1. Rounded to the nearest whole Å³, what is the per residue volume of the convex hull around the Cα atoms of the stretch 164-263?
2. Could you tell me, in Å, what Rg and Dmax come out for the Cα atoms of the stretch 6-257?
3. Quickly work out the Ser167-to-Asn122 label distance, labels modelled 7 Å from Cα along the C-beta direction, and quote it in nm with one decimal.
4. In whole percent, how big is the carbon plus sulfur part of the accessible area of the stretch 6-257, probe 1.4 Å, protein atoms only?
5. Report the full-extension gain for the segment Leu63 to Arg110: residue separation times 0.36 nm, less the Cα-Cα distance, to one decimal in nm.
6. Let's see if you can work this out: charge +1 on each Lys and Arg Cβ, -1 on each Asp and Glu Cβ, no other charges. What is the dipole magnitude of the stretch 92-238 about its Cα centre, in debye to the nearest 20?
7. Which value, in Å², gives the accessible area per residue of the stretch 6-257 when a 1.4 Å probe is used on the protein heavy atoms?
8. Debye sum, Cα scatterers, the stretch 96-187, no solvent: what log₁₀ I/I(0) at q = 0.20 1/Å?
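The values are calculated or read from the model by the stated rules, or taken from the named source; none is laboratory data. Small disclaimer: the values here were computed from a predicted structure and weren't measured. Please note: Cβ atoms are built from the backbone with ideal geometry, for glycine as well, and neighbour counts cover all protein chains shown. Keep in mind that these areas ignore ligands, DNA and RNA; they rest on the heavy atoms of the full protein, side chains included. Shrake-Rupley method; radii C 1.70, N 1.55, O 1.52, S 1.80 Å.
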Amino acid sequence: MRRASKAKIKAKALCVICCAVLAMTFSLSGLMPGSTVKATTLQRSEITIALDAGHQAKQDLRLERIDPDNKSLGRKYKMVGGCSSAYNHMPEYKYTLIIAKKLKADLEKRGYKVYMVRTKNNVDIGCQTRAKKINKSGSKICIRLHCDSYGSSARGVSTIYKPGHNSYYSKSDASRSKVLASYILSGECKSTGFTKRYNDARNDMTGQNWSKIPTALIEMGFFSNRREAKIMSRTSCQDKIASGIAGGIEKYMKKYYHVDKAV
Ligand SMILES: [Zn+2]
């Protein structure tokens with residue numbers, strides 16, 4: 001995905017830090033806006049996690065509504081092609097599926113159920129349809145996997161969550177999305193040693209706007225940076241990306257579903 005200018009990114013980063021501090025303060029005092037849903041206790045085997053491997057072999061340039069309520073956001077392509085590795089030219093859609101399969105195995109090993117939006121590269125599933133499939137899957141959360149692309153020197157990991165809410169998406173889900181995104185961001189950075197960029201809110205992501213559950217998109221690293229793309233091509237790094245994201249999900253499930261206390 002293309003990124004904003006450096007200055008804008010810095011400003012956003014500062015804003016995100018401020019928001020994170022505020023969120024922590026609210027969270028600690030139990031005053032997080034919209035956090036009306038109490039945590040419930042579930043066993044890991046009762047929880048399904050949806051994984052959406054970003055992109056697919058063929059793009060779909062038909063248009064679809066970005067948001068179910070807000071028409072002013074307009075329409076966007078159902079599915080764009082994605083980027084490719086500056087190191088070995090691997091397309092983003094192949095890489096995201098490799099990580100999705102590793103993450104699935106990791107989560108299942110921990111005891112969770114996993115719903116995969118796609119298990120093959122040769123599919124035609126637009127962003128809106130992906131969200132609708134996930135809504136029907138009974139999943140508690142969704143992780144959307146992507147690789148970043150912006151010049152040859154940009155590096156690191158970032159996450160995107162949906163701000164606010166619409167009729168598909170409660171305030172509680174929005175605040176949980178932010179927490180989920182921050183946990184998987186920290187999880188991957190801790191595991192791989194990659195730079196932590198930001199956890200940012202965007203309201204123009206079709207796959208998140210049509211989602212009825214907490215959803216976070218992770219840009220796992222920069223495919224446009226040859227050095228980082230080379231590291232990402234290693235199986236050992238891919239394993240670390242998957243285990244880092246899984247660790248973030250585990251932290252989220254402990255917070256909201258007390259999976260460590262379930263018997
Ligand atoms: Zn992408």
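1. Numbers: hull volume 11.4 nm³, N = 100.
Hull volume over Cα atoms, normalised by residue count, gives 114 Å³.
2. Rg and Dmax of the stretch 6-257, Cα atoms, are 17.0, 48 Å.
3. About 4.0 nm separates the two model spin labels.
4. Working: 6240 of 11540 Å².
About 54 percent, which is the carbon plus sulfur part of the accessible surface.
5. On the way: separation 47, 0.36 × 47 = 16.92 nm, distance 3.88 nm.
The span from Leu63 to Arg110 would gain 13.0 nm if fully extended.
6. Working: 29 positive and 11 negative charges, 85 e Å.
The calculated dipole for the stretch 92-238 is roughly 400 debye.
7. Values: 11540 Å² over 252 residues.
It amounts to 46 Å² per residue over the stretch 6-257.
8. -1.28
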